[in-house]
Amino acid sequence: MRLSLSLAALLTATALSSGAIAQTAPTFDAARLSGHIRILSDDSFEGRGIATPAEARTVQYLSEQYAAAGFEPGGDRQPDGSRLWTQGVTLNRFVVSGLQAGLRVGDWTLPLEQGQQIVASTRLPGQTDASHVMLKDIPLVFVGYGITAPERNWNDFKGMDLKGKILVVLINDADFEEPSLETFNGRAMTYYGRWTYKYEEAARQGAAGVLIVHEDAPASYGWATVRNSWTQPQFDIERADPSRDRVTMEAWIQHDVADQLFQHAGLDFEALKRAARSRDFQPVELTGATLSAMFDLEQSTIQSHNVVARLPGTTHPDETVLYTAHWDHIGIGAADTNGDAIFNGAVDNASGTAGLLELARAYAAAPRTQRSIVAISFTAEESGLLGSEYYAANPLYPLATTVGGFNMDSANVYGRTTAMSVIGAGQSDFDERVTTAVEAQGRVVEPDANTQAGYYFRSDHFPLARKGVPMAYAESGGTFRDEPVAARIAARDEYTDRRYHQADDEWSPDWDYSGQIEDLEVYYSIGRALADSRDWPQWKPGSEFGPARAISADQRR
Ligand SMILES: [Zn+2]
């Protein structure tokens, strides 16, 4: 069997490099992967929206599968000392409806229809469960990329008082369009380029709201993705002082809306966009321009769940090797042209969820590791990485002795590839571990091909990394090894263009799991070697995540 042979070679290579003993090679099963994905993305799972009847179904399925694999419940502790399969995750839920919004400059007005010219929402709790939010004639200020980065000597706000104003902001960061500037790592997106950062920073500035100008290339996705994500209910973890972290209105507008608005305010959007690439950029008031918006806000608290499964280690059970993948997807949304409203989320992320179940089965079938293995199926990733943010804020196993781990989000279902791509390469010594394991498979490591998309900040390893836990995020890269190559490329591209975060992200009987399986072998061999060693992965010098790890250094021996 090709897979077991190559994996045996891989494990030997990893074992030699880490000094660990050789391990029994697991076999990851394509039919099992396919079966899990088919079930989890079935219409009866309703797109796995959080806190819907589909959540209970999904949690039950995952708990049963972890149990069948041989893992123990690893979630919240009960009064009798035993653990549940789940960690309760309390979220605030916000539903915006009846949006009426428009721009005005003098006599010129432009109505903004929800989903068409604008998507507007909020994550700022109101005084009551049902409230009416009104923003009337609010002045607008263009703040470029809306970034304060002291370590890069960058400040787009230049001390301007932005309290109560609406900020018009560009997506991504200042050198996306002109990488040679190298002010924000060239074309690679920094965290400053993410929409999450734009809203957080606007709240710190005391702004009333934000209009992010959507453009496909710097956002790395189209308007359909924006619309589908933001016309759904919004969620947030409970916060001590919400107004410190959240603005009254969070919105995106279409690029041509910005063009018209700036033109009527006597400004040139493209020229100002170029000006925003400089440290000397000054925020620009859109003189005479205002935005008015009102909407109804219905809010409630909901209970969602991470599913947590654990295989205790033999000699160091208090130390944890982590594997994660989000179980949630978008749920039921607006129907597409075929009338399909169920966002099945087969690739995103039933595929990673299936991989996690297969990893659990492989670990439980093999000799027990010295350190514990914890698998977490996170909730609310699609709502803003909230299950992982909740876990990072309320860890069930101490983060200081969480060795590190792998997150999986959207597996390769199109076949074996020549390479593995390390997302966010350069952050930690997982780079070298992945290289060793991948080369033992006869593949190579290639640099993150889409650093401008900021994928390292877009899935569940990120809240853990921000707390200092070295987390790796790697996936199939390079080109396909098996014919028909062109058809495999076409299928992958079609997913990106037509299925990602749309109703058509559906399971196919034609998928080829050999590429995902090779990736799982890499995650397994590295995690296995770590779980049988006294080794602690390290952040590289200069990583923005190293300082958070250093604080707890004395707890790792
Ligand atoms: Zn995902």
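Values quoted throughout were computed directly from the atomic coordinates according to the rules given, and no laboratory measurement underlies them. All values derive from a computational prediction rather than experimental measurement. A quick note on method: Cβ atoms are made from the backbone with ideal geometry, for glycine too, and the neighbour counts reach across all protein chains shown.
Highest-first packing order for the peptide set 301-313, 177-189, 485-497 is 301-313, 177-189, 485-497, based on the mean count of other beta carbon atoms within 10 Å.
Only one residue of 196, 74, 408 has its Cα farthest out toward the positive end of the dipole of the chain, where Lys and Arg carry +1 and Asp and Glu -1 on Cβ, and that residue is 74.
Sorted fewest first by neighbouring Cβ atoms within 10 angstrom, 519, 510 come out as 510, 519.
The fraction of Cα-Cα pairs per 5 angstrom bin, counted from 0 for segment 413-557, comes to 2, 9, 16, 19, 20, 14, 10, 6, 3, 1, 0 percent, rounded to whole percents. Compute the long axis of helix 2-18 from its Cα atoms, compare it with the longest principal axis of the Cα atoms of the chain, and write down the angle in degrees, 0 to 90, nearest 10. Roughly 80 degrees, rounded to the nearest 10. Debye-formula intensities of segment 352-449, expressed as log10 I(q)/I(0) at q = 0.11 Å⁻¹, are -0.43 (one equal scatterer per alpha-carbon, no solvent). With the charge dipole of the chain set up from +1 on Lys and Arg Cβ and -1 on Asp and Glu Cβ about the Cα centre, the Cα lying farthest toward the positive end among the listed residues 229, 305, 131 is that of 305. Using only Cα atoms, tell me the angle between helix 352-365 and the longest principal axis of the chain; keep it within 0 to 90° and round to the nearest 10. It is inclined by approximately 20 degrees.
Legend: residue pairs 165/467; 136/273; 273/467; 136/198, Cα-Cα distance threshold 30 Å; pairs beyond threshold, 165/467; 273/467. How much of the calculated P(r) for segment 125-281 lies past 25 Å, in percent of all Cα pairs? The share of Cα pairs beyond 25 Å in segment 125-281 comes to 29 percent. Bridging of residue 163 to aspartates and glutamates at a Cα separation below 19 Å is possible for 137, 200, 201, 241, 245, 250, 285, once same-chain residues fewer than 8 apart are set aside. The charge dipole of the chain, taken about the Cα centre with unit charges on the Cβ atoms of Lys, Arg (+1) and Asp, Glu (-1), comes to about 1420 debye, rounded to the nearest 20. When +1 charges are put on Lys and Arg Cβ atoms and -1 charges on Asp and Glu Cβ atoms, the dipole computed for segment 339-467 relative to its Cα centre reaches about 460 debye. Between 0 and 90 degrees, the angle of helix 485-494 with respect to the longest Cα principal axis of the chain falls at about 40 degrees. For the chain, the equivalent ellipsoid built from the Cα gyration tensor has semi-axes of 40, 25, 23 Å, listed from largest to smallest. P(r) tail, segment 439-499: Cα-Cα pairs separated by more than 19 Å, 50% of all pairs. Across the options 379, 366, 391, the greatest Cα extent toward the positive end of the charge dipole of segment 351-428 (unit charges at beta carbon of Lys, Arg, Asp, Glu) belongs to 366.
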